[in-house]
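Down below is the structure, laid out as structure tokens.
The values are calculated or read from the model by the stated rules, or taken from the named source; none is laboratory data. All values reported here derive from a predicted model rather than from experimental measurement. Positions of Cβ are generated from backbone atoms using ideal geometry, with glycine treated the same way; all protein chains shown enter the neighbour counts.
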DNA sequence: CCGATTAGATCAGAATATTTGAACAATACT
DNA sequence: AGTATTGTTCAAATATTCTGATCTAATCGG
């Protein structure tokens with residue numbers, strides 16, 4: 001069964017609609033007007049429909065012609081994307097790449113990397129997701145992420161997951177400048193800290209219970225949607241808590257937050273990336289290589 | 001810019017995949033094998049990708065070939081649907097037709113009509129929705145329905161809506177066979193009725209307040225999601241209420257419900273269809289004509 | 001009102017694309 | 001070893017698409 005519609009004919013139809021006339025479309029497509037006329041007449045004959053009617057010396061689309069044009073454009077777009085997807089697959093690149101990033105990190109570091117990647121390979125669809133700590137393993141195993149970046153230890157025993165340390169996170173106990181703790185003897189005693197209202201960040205994109213890190217407080221906590229909101233709440237003096245050092249350099253510099261030493265020394269969290277060992281994709285390989293080089297939370301900066 | 005992909009090439013690729021070889025695909029497409037070979041080689045050259053590799057004397061798809069095949073099939077399907085949609089538009093038929101039916105009716109009556117319509121015109125997408133009484137006018141004005149069928153008077157003053165009576169609904173006051181009202185003097189007095197628990201049906205597909213018809217009860221009502229649920233609840237003796245006669249013939253015949261006369265005579269509701277006066281669609285015209293002929297709730301049945 | 005310009009159609013001939021038929025090499029089967 | 005099948009090559013045939021010339025009809029500007 002021969003298809004009455006050809007992509008070339010849809011392209012001609014599109015050009016006529018965009019340029020407003022057969023003659024202009026011909027010019028646009030480097031053809032002569034009679035070639036355009038031939039193509040449209042052949043399409044009308046093959047489809048057994050009328051696509052244009054005469055208005056004076058101009059041809060205008062019929063309702064059927066409009067249906068063909070609109071949905072034809074969608075098919076042309078899909079075909080162009082298909083050509084690209086086929087070519088990127090041919091070249092060994094995955095056509096789609098998903099990255100999940102721990103909500104405790106900002107996304108800022110990944111954008112320059114993606115910009116670099118798009119210089120190398122512009123035709124890949126990259127999707128970025130925000131994950132909480134506990135979700136990173138799920139994201140890899142379930143296949144919804146090709147690569148995850150987040151804090152915490154690798155716990156993927158028996159799951160054929162590769163972990164690689166790419167940095168570390170320093171936690172600071174931070175309070176507003178007018179908080180009473182700024183007048184207390186340093187380092188802050190555990191018993192004093194326990195009496196404070198902690199601000200905790202929950203993951204707003206997940207319907208799970210709020211994930212609280214190092215909640216020492218014996219007072220009701222203040223729960224906020226995100227890390228950014230937590231920082232704002234602590235700047236406002238609404239509570240206290242630990243914050244990743246790299247996220248509050250600006251606030252510390254401007255005196256909006258004060259980092260106070262605590263008696264108990266906090267371990268520094270490692271920052272890992274993880275991926276399925278069986279995944280040999282070139283996009284994944286590129287990102288792994290680049291993240292390995294990337295310097296996170298440098299003390300010198 | 002010439003498109004490297006042609007629909008014919010996608011059809012060839014599809015045939016090769018389905019039939020398992022170039023030779024079988026050639027046979028299927030009424031061509032010679034060298035025509036298939038030519039088409040694939042031209043496609044590979046135009047796209048600058050490798051689609052097949054040799055395994056012995058057989059050719060098998062590469063990963064790129066698989067991507068092209070799968071998404072190419074979707075494009076072929078879309079193109080076939082587009083040809084049909086264009087043709088139906090050319091023939092004056094609307095490509096999509098939406099009918100909203102009052103939830104007080106069952107849908108049974110519309111299915112034979114749709115079956116008849118599909119004998120006349122199989123290529124139209126028909127969508128059926130359930131609406132409550134108050135929603136029918138909205139559905140027409142907003143354009144989400146081309147035709148609505150439901151009970152009640154036409155209230156569309158100033159809205160350029162055509163109403164047409166197509167039948168009527170007889171309401172019966174029905175109770176379970178072991179309900180105490182079956183022992184009361186007939187016709188049932190108003191004061192006696194008022195003391196009963198009524199079952200009312202709300203529209204589960206809408207987030208509006210329950211729509212109650214003829215709620216006489218001074219007791220808390222039992223609200224259920226649908227008319228079907230209302231019938232079931234009344235059969236179970238959970239309450240009383242009015243039910244459209246045509247919907248409970250079976251239950252009456254089997255003694256699952258008893259229809260009791262009430263002192264106050266109830267008006268019979270008219271059943272209307274409504275549509276926008278400016279809508280001249282052929283599908284709409286066909287349904288209006290057929291519904292006009294259709295006999296609803298005939299006393300003889 | 002008239003000449004110039006533009007839009008699209010017609011058609012013979014040219015150019016390009018696709019197909020066929022014959023022959024071949026390589027692989028698989030009996 | 002002989003036969004069958006798969007896919008390729010290639011000259012020739014066929015089909016499709018395009019060009020260039022010419023035409024009709026409609027619109028525009030002086």
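Residue count for the stretch B:244-270, restricted to those that are under 21 Å from residue B:194 (Cα atoms) and modelled with pLDDT of 85 or more: 5. Among residues that are surrounded by fewer than 19 Cβ atoms within 10 Å (Cβ to Cβ), closer than 30 Å to residue A:44 by Cβ and at pLDDT 95 or above, residue B:38 is included.
For the stretch B:52-68, the candidate set comprises residues that are surrounded by fewer than 19 Cβ atoms within 10 Å (Cβ to Cβ) and away from DNA strand C (no atom under 16 Å from the Cβ); within that set, the residue that is nearest to the chain's Cα centre (by Cα) is B:66.
Test of understanding: among A:149, A:193, which residue is assigned by TED's automatic domain parsing to the domain that holds residue A:277 and either under 30 Å from residue A:258 (Cβ atoms) or at pLDDT below 75 (or both)?
Working: A:193 fails: assigned by TED's automatic domain parsing to the domain that holds residue A:277.
Exactly one residue qualifies, and that residue is A:149.
The single condition among (1) away from every other protein chain (no Cβ under 11 Å); (2) surrounded by fewer than 20 Cβ atoms within 10 Å (Cβ to Cβ); (3) over 26 Å from residue B:77 (Cβ atoms) that residue A:26 does not meet is (2). The residue that is nearest to DNA strand D (Cβ to nearest atom), counting only those in the stretch A:32-60 that are within 11 Å of chain B (Cβ to nearest Cβ) and in contact with a helix residue (DSSP H, G or I) (Cβ under 8 Å, 6 or more places away or on another chain), is A:43. Looking at this structure, is residue A:7 in contact (Cβ under 8 Å) with a residue 60 or more places away in the chain, within 13 Å of DNA strand C (Cβ to nearest atom) and facing chain B (nearest Cβ under 8 Å)? Judged against the criteria, residue A:7 is a match. If only residues of the stretch B:69-88 that are more than 9 Å from chain A (Cβ to nearest Cβ) and either in contact with a helix residue (DSSP H, G or I) (Cβ under 7 Å, 6 or more places away or on another chain) or modelled with pLDDT of 95 or more (or both) are counted, the one that is surrounded by the fewest Cβ atoms within 10 Å (Cβ to Cβ) is B:73.
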